[in-house]
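The values are calculated or read from the model by the stated rules, or taken from the named source; none is laboratory data. Just so it is clear, the model here is predicted, and its values are computed rather than measured. With ideal geometry, Cβ positions are generated from the backbone for all residues, glycine too; neighbour counts draw on all protein chains shown.
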Amino acid sequence: MAKVLCVLYDDPVDGYPKTYARDDLPALDGYPGGQTLPTPKGVDFTPGHLLGSVSGELGLRRFLEERGHTLVVTSDKDTEDSEFDRELADADVVISQPFWPAYLTAERIARAPKLKLAITAGIGSDHVDLDAAIEHGVTVAEVTYCNSISVAEHVVMMILSQVRNYLPSYQVVLDGGWNIADCVSRSYDVEGMHVGTVAAGRIGLAVLRRLKPFDVHLHYTDRHRLPREVEEELNLTWHAGTQDMVPHCDVVTVNAPLHPETEGLFDDKLISTMKRGAYLINTARAKIADRDSIVRALESGQLAGYAGDVWYPQPAPADHPWRTMPHHGMTPHISGSSLSAQARYAAGTREILENWLDGESIREEYLIVQGGGLAGTGAHSYSTRT
Ligand code: NDP
């Protein structure tokens, strides 16, 4: 029987919700491009309910316990002698969400001799040391596509809110004011701007598609070029590398995974090649940008704004400089954890567990590491240190 250790974010401060703002979720037929939505044999939760917090348990308890497995759910992951560390010693499976990542470092993996499967209930498995997972024969899987569109919507929201100076203008209203000049002296139209994405995978391409009706000039860089018909349909300009693209852009959005090739990409040097007053939107991973370079660029005016929802570490400490730097539009890591997304990644997590427990193969598109190497989506989009 397996022990499944699930690390989730805390419940709302007022307690687990008894009611919700809406009664249902829209029914989706599939993902863009034809990938099917998660196909578990069943679910024990109500789509639209809070599943990603401790009491939501990703809807897994009944399913696992009916089959005789053990489920441990905790949010305590970073304290000394945390519950996560204690329970990890004999866990077979670890599940966590990128929003509240259970950092599976090489040291932790070495202290978990029974660990065979690490599931990311979401997308982005950089909180797992993939080299160590490969070395120890741990399978790593994530719920590919589950929240890609959720993030793409968030990126568009952040681009508009930064360029149009929405957040400070909203603050004027909250403060009882009406000073239009203060609001508009940093407010522009997106129309006509050059917008570029670092990576045009599921999120990056969805961002490009959503921005097309805004009559902007669209740019991208990616290791694999998009099909020619997509480039033509969206009138895309492709650049061989990030360095080649960013000098042309008024807005840059980062949609690549964090791996050795992308870590620290946006440092002082790269940012200095951007147009003065460019906006940088990063909902991918915080470590793709150098923390202090971002602060310096906002303070000097080299960047007009920075927005995103990804931090390092997570949760971000109260004195993290991105909380107080000028002209930012940061949120906690929420873009991929809407109630809509939660229903999909809870179902996908269940699908992966069902497959693994029944000795069936996990979908190729969900795999990051398997059989001692990068696999599936991992082989396509990630790299290792070695
Ligand atoms: P995909 O795997 O569909 O796309 C990732 C793309 O990044 C691929 O096209 C890949 O290129 C490209 N890429 C990888 N390395 C580079 C590089 N060095 N330069 C340029 N492009 C590169 O993933 P998604 O679009 O679904 O997600 C992307 C990332 O967004 C995730 O890895 C995760 O970190 C983050 N994310 C954030 C969320 C949030 O809540 N904020 C939620 C979900 C994801 P190719 O494969 O062509 O080589």
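In the condition set (1) at pLDDT below 95; (2) over 23 Å from the mean Cα position of the chain (by Cα); (3) not hydroxyl-bearing (Ser, Thr, Tyr), Glu231 is compliant with all but (1).
I want to confirm something. Restricting to region 213-228 and keeping residues that are at pLDDT 95 or above and loosely packed, with under 14 Cβ neighbours inside 10 Å, which single residue is farthest from the ligand (Cβ to nearest atom)? Per the criteria, the residue is Asp215. The sole residue among Ala91, Ala102 that is closer than 22 Å to Ala316 by Cα, touching a residue at least 12 places away in the same chain (Cβ under 8 Å) and part of a loop (DSSP other than H, G, I, E, B) is Ala102. Conditions: (1) of a type outside the set (Phe, Trp, Tyr); (2) within 26 Å of Ala284 (Cβ to Cβ); (3) modelled with pLDDT of 95 or more; (4) surrounded by fewer than 17 Cβ atoms within 10 Å (Cβ to Cβ). Thr70 meets all but one. Number of the miss? So Thr70 meets the others, but not (2). When region 129-169 is filtered for residues that are out of contact with any helix residue (DSSP H, G or I) (no Cβ under 8 Å at 6 or more places or on another chain), without any contact (Cβ under 8 Å) to a residue 60 or more places away in the chain and within 15 Å of the ligand (Cβ to nearest atom), only Met157 remains.
The single condition from (1) outside any loop (DSSP other than H, G, I, E, B); (2) within 13 Å of the ligand (Cβ to nearest atom); (3) of a type outside the set (Val, Ile, Thr) that Tyr306 fails is (2).
Across region 229-259, the qualifying residues are those that are exposed (fewer than 14 other Cβ atoms within 10 Å of the Cβ) and within 11 Å of the ligand (Cβ to nearest atom), and the one among them that is farthest from Tyr382 (Cα to Cα) is Gln243.
Across region 276-290, the qualifying residues are those that are within 12 Å of the ligand (Cβ to nearest atom) and within 20 Å of Met193 (Cβ to Cβ), and the one among them that is surrounded by the fewest Cβ atoms within 10 Å (Cβ to Cβ) is Thr283.
Checking each residue of region 54-62 against the condition of being among the charged types (D, E, K, R), in a helix (DSSP H, G or I), touching a residue at least 24 places away in the same chain (Cβ under 8 Å) and out of contact with any helix residue (DSSP H, G or I) (no Cβ under 8 Å at 6 or more places or on another chain) gives at least one match. Taking region 251-284 as the range and being charged (D, E, K, R) and free of Cβ contacts under 8 Å to residues at least 60 places away in the same chain as the test, the residues that pass are Glu263, Asp267, Asp268, Lys269, Lys275, Arg276.
Okay, residues lined up against (1) surrounded by fewer than 17 Cβ atoms within 10 Å (Cβ to Cβ); (2) part of a loop (DSSP other than H, G, I, E, B); (3) in contact with a helix residue (DSSP H, G or I) (Cβ under 9 Å, 6 or more places away or on another chain):
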| residue | (1), (2), (3) |
| --- | --- |
| Glu261 | yes, yes, no |
| Met274 | no, yes, yes |
| Asp292 | yes, no, yes |
| Gln342 | no, no, yes |
| Ser361 | yes, yes, yes |
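Going by what's in this entry, would Glu191 be described as at pLDDT below 95 and either of a type in the set (Asp, Glu) or more than 10 Å from the ligand (Cβ to nearest atom) (or both)? Answer is no for this residue. Looking across region 294-320 at every residue that is more than 22 Å from the chain's Cα centre (by Cα) and more than 18 Å from Arg186 (Cβ to Cβ), the one that is surrounded by the most Cβ atoms within 10 Å (Cβ to Cβ) is identified as Arg296. Does Leu50 meet the test of being without any contact (Cβ under 8 Å) to a residue 24 or more places away in the chain and aliphatic (A, V, I, L, M)? Taking the combined requirement at face value, the residue does not satisfy it.
Gly376 - would you say it is within 16 Å of the ligand (Cβ to nearest atom), at pLDDT 95 or above and buried (at least 23 other Cβ atoms within 10 Å of the Cβ)? So Gly376 fails the test. Of the residues making up region 36-55, just one is over 19 Å from the mean Cα position of the chain (by Cα) and within 19 Å of Ala152 (Cα to Cα), namely Thr36. Please verify whether Asp24 is of a type in the set (Asp, Glu), assigned to a loop (DSSP other than H, G, I, E, B), surrounded by 11 or more Cβ atoms within 10 Å (Cβ to Cβ) and out of contact with any strand residue (DSSP E or B) (no Cβ under 6 Å at 6 or more places or on another chain), treating the condition exactly as stated. Taking the combined requirement at face value, the residue does not satisfy it.
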